[in-house]
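So the structure is just underneath, and the comments pick up after that.
The values are calculated or read from the model by the stated rules, or taken from the named source; none is laboratory data. Given the structure is predicted, the values throughout are model-derived calculations rather than measurements. Counting neighbours? That spans all protein chains shown, and the Cβs are built from the backbone with ideal geometry, glycine included.
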Amino acid sequence: MIQSIDDKIINSLSKCGRGIVFFPATFSHYAQPKAVNKALERMTDAGVIIRVANGIYCYPKIEKKIGLGILYPTFEEIARSIAKRDKARIAPAGAYAQNKLGLSSQIPMNVVYLTDGERRKVTIHDGRGIFFKHVAPRIFAFSDPLAQLLTIALKDIGNGNVTDEQKKCVKKLVNEHPRFSSVDMRLMPVWIRQLIMDLYD
């Protein structure tokens, strides 16, 4: 029995598991782009998959225990799927980076990622956006993700603007984490390096 494009796609998604974010090109080996797009449109209309942005889909997780139903992918899941597709590196930036570290309670409506890939904006299903800001690859030279994220967040706050409360938060983060390598420390601006060194117990 010959499988339809729809069946081939859903079988592939089932093997990957719910929560996967994907693109029409993911299934380009099954049929021509127009036919794949039509299949995804049919599957979206049937509620099998959801469209999270233009050309971006998800085989969603379903929460049944408390009745939440369809769970949309997070900013992080969408951004990392795009980065994987584009073979680009990304790192949270701005208010989003500060929020992830606990340096700010502000939850941004739109999130920004630094990337060594293309500059772009992705508008997701609820109108919010994911911005990819192209930067020099130096920021991706860090071996430790926390060192990288702290550097990005503190640079955004600015020298002389880090509050005592934020310093307490940074102190807790760095002292509960293995010490950063000398290489990572040298990648930081001097004032950030000094701030962190002063906060080590």
Restricting to segment 111-159, name every residue that is within 18 Å of residue 197 (Cα to Cα) and under 14 Å from the mean Cα position of the chain (by Cα). 145, 149
Which pairs turn up if I take residues in segment 175-188 that are assigned to a loop (DSSP other than H, G, I, E, B) and look for partners that are hydroxyl-bearing (Ser, Thr, Tyr) with beta carbon separation below 6 Å, at least 6 apart in sequence or on another chain? 188/151
Say whether the condition of being more than 19 Å from residue 79 (Cα to Cα) and assigned to a helix (DSSP H, G or I) is met by at least one residue in segment 95-111. no
Given the criteria touching a residue at least 60 places away in the same chain (Cβ under 8 Å), outside any helix (DSSP H, G or I) and not hydroxyl-bearing (Ser, Thr, Tyr), does residue 92 qualify? yes
Kindly indicate the residue of segment 93-113 that is surrounded by 23 or more Cβ atoms within 10 Å (Cβ to Cβ) and not β-branched (Val, Ile, Thr) and also farthest from residue 137 (Cα to Cα) among those meeting that condition. 103
Answer with yes or no whether residue 12 is small (Gly, Ala, Ser), within 27 Å of residue 114 (Cβ to Cβ), part of a helix (DSSP H, G or I) and within 24 Å of the chain's Cα centre (by Cα). no
Quick check on my filter: what residues within segment 160-174 are in a helix (DSSP H, G or I), buried (at least 17 other Cβ atoms within 10 Å of the Cβ) and more than 23 Å from the chain's Cα centre (by Cα)? 166
One residue from 171, 133 being charged (D, E, K, R), under 13 Å from residue 103 (Cα atoms) and in the same structural domain as residue 190 (by TED's automatic domain parsing): 171
